Amino acid sequence: TGSEDKTARLWEAATGKAVATLAGHAGGVEAVAFSPDGRLVLTGSDDKTARLWPVLPGTQALVEEVRSTVPRCLTPAQRQRFHLAPTAPRWCYEKKLWPYHDQEPPPLTWDERLVAAWDGGVGLVSPPAKP
């Protein structure tokens, strides 16, 4: 959770006990999110900074529980606040994570098509034969 007291906290859901306090922002913490692999916590503050915090080894089980219970991706508005591309990563669509659980992924970009063709040989088009 983020707080106006300039900290973020990690909580144990079963007991309601705070297991870690992340302090260092100069303003209230308005946004908190785990990295997709659960090893980092991102906090965004009224002080106009974002910070990455390593998840302590003792809290990794907590992170895994949270990720399995509340899987999600950043909304377009949240992505804008963190100066990210407006389109969510393809894995948000593929894993059907909120808010992209009911949407189709955007078409593949040219570089994604190239990688797919290179990796699997699928979709390669031979150049026309010379006369």
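Listed values, structure above:
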{"item": "Ordering of 95-105, 34-44, 14-24 by burial proxy (mean other Cβ atoms within 10 Å per residue, highest first)", "result": "34-44, 95-105, 14-24"}
{"item": "Amide H partners (placed H, <5 Å) of Ala20, local residues excluded", "result": "Leu10"}
{"item": "Karplus (6.51, -1.76, 1.60) ³J(HN,Hα), θ = phi - 60°, over segment 72-87, in Hz, Gly and Pro reported as x", "result": "6, 10, 5, 6, x, 5, 5, 4, 5, 4, 9, 6, 9, 4, x, 7"}
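All of the numbers you see were taken from the coordinates with simple rules; none came from a lab. Owing to the predicted nature of the structure, the values given are computational and were not obtained by experimental measurement. Every residue, glycine as well, gets a Cβ built from its backbone with ideal geometry; the counts of neighbours run over all protein chains shown.
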